[in-house]
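Here's the structure we're looking at; comments come further down.
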Amino acid sequence: MSWQGAAKVQDADAGVSLRLTFALLCAKCRSLLDTQVSNQLNLLKAEVRRLRSKAVCFAPMAESAPLRIGLIGSTRGSSSQLTFDSIKSGELNAKIVVVISNKGDAGILERGRTEGVKAVHVPCKKGTPRAEYDATVTAALREEGVELVMLCGFMRIVSPEFCREWEGRCINIHPSLLPKHAGGMDLEVHKAVIDAKETESGCTVHLVTEEVDGGPVVVQRKVVVEPGDTPETLKAKVQAQEGPAFIDAIKARGKHCLPVRGGNPERRLFKRTSVCGNCGREIPTANLVSHSNNYRCPACDEVIAVRDKESHVEQWTDGARLLDAVGRRDAAMIQCMAAHGIDFCSAAHPETQDSVLHAAAGLGDVELISFFMGYGVEAGGAAMTLN
């Protein structure tokens, strides 16, 4: 006696499924078939793992399932506006589900709120390891089921752990035609293009990898560099192409054709590294000149342009800001300002001339008083406030 049957065997984690049509003669034959199916499934899973070690491909998205996008930025996030607009117009089958920033006053957060999207401020306290901070960001992205991460003016270098977690699913935009002028930032990139007497520039959307600005190129859009262009006018031209470039990249993601490893063979020429004299990190030698225009603050780990170093230090050694932090008992900010070298002894309220010790005594905060006295702030009459 025999009969026909069908079965589907799958492994969700490996993304493998088998559909079988079979004829069973007896229980013994069925047991033998189960063993064979299990062996074939294991072989397929091994092959999937092997292929994933060489490349990661995106599975096609069903038309009914919008691509869930997470935005991360530190500035206004202007290049993301066209994405919002294209989603609303129906041009993109996608949905921006969360906007994240390390800056509480970043314009990109307000942009997200205006569009009715969840906006999340993830502050980075001084001394927090990059991997730990990025894990918090990853948790916020996972909570919203994000499938594609877009970095829009994110002024932090992401950790290797973040790169591995979002491998093939995180894109960034750079204001040059990579690999040219990799590692540069903002106006310094456009100045470098003009100084090099190049006739064209543009922007590049690339996959984020551990090599800064070194991931495979997804999309490039070009502009003409005209005689008389300044860094400011060239920046305006390039910025006008950043929104459309993101749209092209998202559409490429929808067609499951973004590369992960390999990419342009020319990129492999820039793997040799040199140590940066500013931050002490090893970076691709080809990026060294443009990267050297950046400065990693040892006190807060922020990456800023060298030309902004003085204003950055002034911001963190401002007496009024310190007194505000004391009033809020913000120990993390006070410690960060100490790391930037603020003079607690000379800091005073601009109107009352009260010292930080007076402010701490007014709060009755013994720990703060001890902290400031440890930095040499004289008690004067401040301690009397505690009596």
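Every read-out reported here was derived from the displayed coordinates using simple, explicitly stated rules and does not represent laboratory data. Small disclaimer: the values here were computed from a predicted structure and weren't measured. Because the Cβ atoms are built from the backbone with ideal geometry, glycine has one as well, and the counts that use them run over all protein chains shown.
Spin-label point model (7 Å from Cα, Cβ direction): what's the Glu226 to Asp308 distance in nm?
If labels sit at Glu226 and Asp308, their model points lie 2.9 nm apart.
Please go through the residue pairs Lys88/Lys125; Lys197/Lys222; Lys126/Lys235; Lys95/Lys125; Lys95/Lys251; Lys103/Lys251 and name each one whose alpha carbons sit more than 24 Å apart in this structure. Spell out each step's value before the answer.
Details: Lys88/Lys125 36 Å; Lys197/Lys222 16 Å; Lys126/Lys235 32 Å; Lys95/Lys125 30 Å; Lys95/Lys251 13 Å; Lys103/Lys251 29 Å.
Cα-Cα > 24 Å for Lys88/Lys125; Lys126/Lys235; Lys95/Lys125; Lys103/Lys251; rest within.
Farthest toward the dipole's positive end in the stretch 141-232, which of Val219, Val158, Ser176, given Cβ charges of +1 (Lys, Arg) and -1 (Asp, Glu) about the Cα centre?
Val219
Placing +1 on the Cβ of each Lys and Arg and -1 on the Cβ of each Asp and Glu in the stretch 85-134, which of Gly112, Ser86, Ser101 has its Cα farthest towards the positive end of the resulting dipole?
Result: Ser101, furthest along the dipole toward the positive end.
Quick one: order Tyr133, Tyr375 by neighbouring beta-carbon count within 10 Å, fewest to most. All intermediate terms of the calculation are to be shown ahead of the outcome.
Details: Tyr133 20, Tyr375 13.
If I rank by nearby Cβ atoms, fewest first, I get Tyr375, Tyr133.
Express in nm, to one decimal, how much length is gained between Ser346 and Ile194 on full extension, taking 0.36 nm for each residue of separation and deducting their alpha carbon distance.
Working: separation 152, 0.36 × 152 = 54.72 nm, distance 4.51 nm.
Between Ser346 and Ile194, full extension yields an extra 50.2 nm.
Please say if the stretch 317-386 is rounded, prolate or oblate, where rounded means a/c under 1.5 for a ≥ b ≥ c the square roots of the C-alpha gyration tensor eigenvalues, and otherwise the choice is prolate for a/b larger than b/c and oblate otherwise?
Rounded is the answer for the stretch 317-386, as its axis ratio a/c remains below 1.5.
Hey, can you grab everything whose amide H is under 5 Å from the amide H of Gly202? Only 5+ residues off in sequence or another chain; H modelled, so Pro and N-termini drop out.
It is Leu177, Val223, by chain and number.
Just in the stretch 57-141: which trypsin sites (Lys or Arg not before Pro) are loop by DSSP and have at most 13 other Cβ atoms within 10 Å? Kindly include the intermediate steps, with their values, before the conclusion.
Values: sites: Arg68, Arg76, Lys88, Lys95, Lys103, Arg111, Arg113, Lys118, Lys125, Lys126, Arg130; in loops: Arg76, Lys103, Lys125, Lys126.
In loop regions of the stretch 57-141 (DSSP not H, G, I, E or B), the sparsely surrounded trypsin sites (Lys or Arg not before Pro) are Lys125.
Using label points projected 7 Å from each Cα along Cα→Cβ, tell me how many nm separate Gln335 and Glu91, to one decimal.
With each label point 7 Å from Cα toward Cβ, the separation is 4.7 nm.
Non-local amide H neighbours of Phe154 (under 5 Å, H modeled in plane, Pro and chain starts lacking H): which ones?
Here the answer is Ser74, since their amide H atoms fall under 5 Å of that of Phe154.
Give me the net charge of Gly107's neighbourhood, meaning all other residues with Cβ under 11 Å from the Cβ of Gly107; Lys, Arg count +1, Asp, Glu -1. Walk me through the numbers on the way to the answer.
On the way: positive: Arg76, Lys103, Arg111, Arg113; negative: Asp105, Glu110.
So the surrounding residues net to +2.
Could the peptides 192-199, 204-211 be put in order, highest first, of the mean number of other beta-carbon atoms found within 10 Å of their residues? Walk me through the intermediate numbers first.
On the way: 192-199: 13.9, 204-211: 22.5.
Those peptides, ordered most packed to least, come out 204-211, 192-199.
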